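Each remark here refers to the structure printed beneath this line.
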Amino acid sequence: MASIDLKPASNFIRNIIAEDQETGKWDGRVQTRFPPEPNGYLHIGHAKSICINFGLAAEFKGRCNLRFDDTNPTKEEQEYVESIKADVRWLGFDWEDREFYASDYFDTLYAFAVDLIEKGKAYVDSLSAEEIRSYRGTLTEPGRESPYRNRTVAENRDLFERMRNGEFPAGECVLRAKIDMASPNLNMRDPVMYRILFASHHRTGDKWCIYPTYDFAHGQCDSIEGITHSICTLEFEDHRPLYDWFLDALEIHHPRQIEFARLNLTRTVLSKRKLIRLVEEGYVTGWDDPRMPTLSGLRRRGYTPQAIRNFCERIGVARRDSTVDMALLEYCLREDLNRTAPRVMAVLRPLKVVIENYPENHTEMLKAVNNPEDPGMGTRQVPFSREIYIERGDFMEDPPKKFFRLSPGREVRLRYAYFITCVGVVKDEKTGEVKEVRCTYDPATRGGDAPDGRKVKATLHWVSAPQAFDAKVRLYDYLLNETSEPDAGKDTPEFKERINPDSLTVLSGCKLEPGLAGALPENRYQFERLGYFFVDPVDSAPGAPVFNRTVTLRDTWAKIQKQSRG
RNA sequence: UGGGGCGUCGUCAAGUGGUAAGACACAGGAUUUUGGUUCCUGGAUUCGGAGGUUCGAAUCCUCCCGCCCCAGCCA
């Protein structure tokens with residue numbers, strides 16, 4: 001089936017590149033990169049960046065590199081590079097043979113540093129970390145120059161080499177750029193270029209005991225890779241003058257940096273720090289918990305790469321801070337799943353219905369359509385018998401005016417089966433709870449059409465009791481409750497107070513049509529009238545699938561109920 | 001109170017001097033064996049505010065207001 005790739009809409013980065021192509025600024029070349037730090041899992045905010053970088057490169061017949069910014073061995077691990085690669089691949093992007101690491105360039109970066117020392121533009125500082133901080137000044141006051149700032153080139157060269165040789169303990173000294181301690185831009189107040197870290201690196205092992213800072217590495221890595229458009233988020237805008245300074249001082253290729261606003265989403269968190277707290281404090285089961293906005297979480301929830309890519313195209317790219325409504329993500333998901341997911345009948349909260357005038361010990365097979373949106377997906381047979389299950393919520397003994405499902409005396413259609421009429425209920429004597437509904441059926445309505453043309457207001461899904469397959473189903477809801485503050489500003493309650501205690505509901509004994517016994521991990525289905533479900537690849541066992549609700553169907557009735565409740 | 005950004009419908013977002021795209025959400029209606037899908041229809045006399053330039057401004061100028069980022073040897 002044709003996919004639903006959207007035509008690109010105008011955004012300022014696309015416009016810049018298009019203009020560069022027209023003017024031949026980069027000789028028609030477009031080279032971007034997605035530069036994650038391998039210190040955590042990717043989330044949907046990263047997906048935005050991935051789609052921008054890989055998407056723009058593809059659109060303009062360019063290339064996009066995958067580069068790991070692994071300059072801090074104390075935080076980075078191989079496990080993360082593997083998960084990042086898996087996530088980017090899953091999203092549908094291919095970096096071919098262009099898998100790079102900042103650590104690939106450590107030798108070059110070291111040479112760059114020496115070059116700056118030779119040019120008198122870098123020096124070894126022996127101030128402590130605390131001293132450097134206090135010498136830096138504040139937002140409103142200029143900093144002071146380090147007493148070590150005017151060491152000779154020879155001395156700096158010697159000291160830096162000794163740093164590299166491991167002659168100093170961590171923290172003893174650092175290499176700094178000699179720029180301007182009075183700059184109103186704090187990034188220009190002699191930033192640290194190299195620090196001593198006796199940590200083994202996931203790729204270079206113990207080869208180095210000094211590591212470049214992000215600020216000294218990022219721009220040069222982009223330069224080395226011949227990046228034309230260095231796309232990053234807004235918080236790096238203040239660093240741009242510094243990157244420019246390094247590139248100019250080093251006299252090397254100078255990419256153009258373009259900043260855009262990071263993604264924020266309602267009803268969830270996207271900051272790495274908060275995500276870690278959710279995991280570590282046990283609010284979720286892990287980084288791939290289906291409630292998490294991580295790509296691994298969304299994948300396990302049942303999201304499709306196509307839906308996420310379309311979402312990223314629809315949200316646009318701009319420089320203003322914004323928070324996208326989760327409803328848009330869900331819209332993109334349903335749009336994709338509606339076309340592709342086979343329909344099936346499943347009763348989550350079963351209520352038994354006995355059809356009094358249907359023969360006992362009899363079973364017949366009825367034809368059901370697999371996907372009304374795609375006739376090519378064919379049909380299947382489902383069993384029907386005297387006892388069936390319907391959804392508890394589809395029956396009301398004393399219904400309000402707008403409820404038009406089953407209730408005493410009312411006739412409804414059982415999808416693909418018969419019209420049935422409620423003729424009575426059986427209640428628990430003590431609690432008054434409805435235990436069973438008694439109905440009669442009209443044999444003339446087989447398949448769901450009345451020959452006399454009479455209409456019915458509702459069509460219910462159902463599952464034949466004797467053949468029903470029992471399974472566990474998990475219903476997921478948003479991680480966070482709604483906030484009255486539209487934008488998560490300073491005055492919003494601490495996010496933990498907003499955590500939704502009902503983000504997970506586990507249902508067992510759900511009644512599914514028998515064909516689902518063979519559901520395989522990662523299969524997707526639409527449970528008619530309920531939503532889209534995904535067979536969990538971790539918790540399912542052969543013959544015992546566990547279904548995760550990916551997203552509900554749009555539910556007008558639920559909306560009406562919510563409104564009438566006030 | 002230093003520097004850097006940003007303010008267009010409830011939420012995203014086009015638009016860059018010629019008279020406010022689109023999407024989601026929302027509200028009506030039609031079709032429907034999923035209260036699903038699909039399909040119509042409705043909505044900013046107005047672009048943070050106030051002045052100014054101009055025949056004409058969301059787009060140019062001035063002032064003001066609000067929000068975000070920066071004081072890691074994190075990225």
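The values are calculated or read from the model by the stated rules, or taken from the named source; none is laboratory data. Fair warning: this is a prediction, and the values are worked out from it, not measured in the lab. Cβ placement follows ideal geometry from the backbone for every residue including glycine, while neighbour counts extend to all protein chains displayed. Surface areas here come from the heavy atoms of the whole protein model, side chains and all, with no ligands, DNA or RNA. Shrake-Rupley method; radii C 1.70, N 1.55, O 1.52, S 1.80 Å.
For segment A:544-566, taking the residues that are part of a loop (DSSP other than H, G, I, E, B) and touching a residue at least 12 places away in the same chain (Cβ under 8 Å), the one that is farthest from the chain's Cα centre (by Cα) is identified as A:545.
If you filter segment A:137-170 down to residues that are aliphatic (A, V, I, L, M) and under 45 Å from the mean Cα position of the chain (by Cα), you find that the one that is most open to solvent (accessible area, probe 1.4 Å) is A:139.
Screening A:244, A:180 for residues that are touching a His at 6+ places or on another chain (Cβ under 9 Å), free of Cβ contacts under 8 Å to residues at least 40 places away in the same chain and within 14 Å of RNA strand B (Cβ to nearest atom) leaves exactly one candidate, A:244.
Would you mind listing the helices (runs of 4 or more DSSP H) fully within segment A:284-366 where at least 1 residues are more than 14 Å from RNA strand B (Cβ to nearest atom)? Output list reads A:295-301, A:305-315. Within segment A:270-291, the only residue that satisfies the criterion of being open to solvent by less than 10 Å² (accessible area, probe 1.4 Å) and closer than 22 Å to residue A:34 by Cα is A:275.
Scanning segment A:247-269 for residues that are more than 13 Å from RNA strand B (Cβ to nearest atom), over 19 Å from the mean Cα position of the chain (by Cα) and open to solvent by less than 50 Å² (accessible area, probe 1.4 Å) turns up A:247, A:249, A:250, A:252, A:255.
Counted as qualifying within segment A:116-212 are the strands (runs of 3 or more DSSP E) with 1 or more residues that are in contact with a Pro (Cβ under 7 Å, 6 or more places away or on another chain) and not small (Gly, Ala, Ser), namely A:174-177, A:192-196, A:210-212. Scan segment A:411-444 for residues that are within 14 Å of RNA strand B (Cβ to nearest atom) and among the charged types (D, E, K, R) and report the count. Looking only at that region, the number is 4.
Candidates A:385, A:407: the one that is away from RNA strand B (no atom under 14 Å from the Cβ) and over 17 Å from residue A:343 (Cβ atoms) is A:385. When residue A:421 is tested against (1) open to solvent by 50 Å² or more (accessible area, probe 1.4 Å); (2) over 22 Å from residue A:527 (Cβ atoms), just one condition goes unmet, and that condition is (1).
Out of the residues in segment A:106-118 that are more than 13 Å from RNA strand B (Cβ to nearest atom) and of a type in the set (Phe, Trp, Tyr), which is surrounded by the fewest Cβ atoms within 10 Å (Cβ to Cβ)? Ranking the qualifying residues of segment A:106-118, first place goes to A:110. Residues in segment A:495-543 that are open to solvent by 40 Å² or more (accessible area, probe 1.4 Å), part of a loop (DSSP other than H, G, I, E, B) and away from RNA strand B (no atom under 16 Å from the Cβ): A:501, A:502, A:520, A:521, A:522, A:523, A:537, A:538, A:539, A:542, A:543.
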